[in-house]
Amino acid sequence: QVQLVESGGGSVQAGGSLRLSCAASGGTFSRYAMAWFRQAPGKERGFVAAISGSGITTGYADSVKGRFTISRDNAKNTVYLQMNTLKPEDTAVYYCGARSQYGSRWYPDYDYWGQGTQVTVSL
């Protein structure tokens with residue numbers, strides 16, 4: 001059983017930056033592909049970025065490509081999401097998820113989830 005805990009959310013002005021962290025415990029972290037999803041009120045949980053267990057392969061939603069960077073430190077059992085040039089439409093609860101295989105952008109495919117962290121971007 002893998003436990004995930006997100007942190008780093010907050011309120012920023014448009015154009016600002018935040019770095020989210022997701023700390024994992026309870027499993028062999030490097031064996032899991034990790035991803036970030038986000039959910040705004042009244043909307044479905046949507047894919048943001050994913051990274052393979054080794055950290056070599058990454059993927060991004062078109063809406064964040066060039067602004068967000070996903071990375072991981074397997075020695076620290078942590079995955080990160082560096083978010084730059086934030087926009088009001090990035091406002092959402094951000095969740096990290098884990099699954100055994102890299103490649104899915106569909107949230108039901110993920111086996112483990114954190115509790116989420118709120119990101120609010122204002123004009």
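The values are calculated or read from the model by the stated rules, or taken from the named source; none is laboratory data. Model, not experiment: these values are computed from the prediction. Note that we place each Cβ from the backbone using ideal geometry, even for glycine, and neighbour counts take in every protein chain shown. Accessible surface areas use protein heavy atoms only, side chains included; no ligands, DNA or RNA. Shrake-Rupley method; radii C 1.70, N 1.55, O 1.52, S 1.80 Å.
Descriptive notes on the structure:
- Accessible area expressed per residue, the chain, with surrounding protein chains retained (probe 1.4 Å, Å²): 50
- Whichever lysines have a C-alpha closer than 25 Å to that of Lys65, once near sequence neighbours (fewer than 8 apart) are set aside: Lys43, Lys87
- Largest-first ordering by accessible area, 1.4 Å probe, given options Ile56, Ile51: Ile56, Ile51
- Once each of the trypsin sites (Lys or Arg not before Pro) sitting in a DSSP loop with at most 12 other beta-carbon atoms within 10 Å is removed, the chain keeps 77-123 as its longest stretch.
- Solvent accessible area, Å² - Asp73, 1.4 Å probe, full protein context: 50
- Length added when fully stretched, Ser100-Ser54, from 0.36 nm per residue minus Cα-Cα: 15.4 nm
- Alpha-carbon Debye profile of segment 1-72, log10 I(q)/I(0) at 0.12, 0.20, 0.22, 0.25 Å⁻¹: -0.37, -1.01, -1.18, -1.38
- Dipole magnitude for segment 1-96: computed about the Cα centre from +1 point charges on Lys and Arg Cβ and -1 point charges on Asp and Glu Cβ, it is near 100 debye.
- Working note: Cα atoms of the chain, range along each principal axis, descending, whole Å: 41, 28, 23.
- Förster radius 30 Å - calculated FRET efficiency between Ser122 and Val5, Cβ distance, rounded to 0.05: 0.70
- Residues Trp113, Trp36, ordered by accessible area of protein heavy atoms at a 1.4 angstrom probe radius and largest first, appear as Trp113, Trp36.
- Structural descriptor for the chain: relative contact order 36 percent, calculated from alpha carbon pairs under 8 angstrom and at least 6 residues apart.
- Modelled this way, with points 7 Å down the Cα-to-C-beta line, the labels at Ser63 and Lys43 are 0.3 nm from one another.
- Calculated on alpha-carbon atoms, Rg and Dmax of segment 35-93 in Å: 12.0, 37
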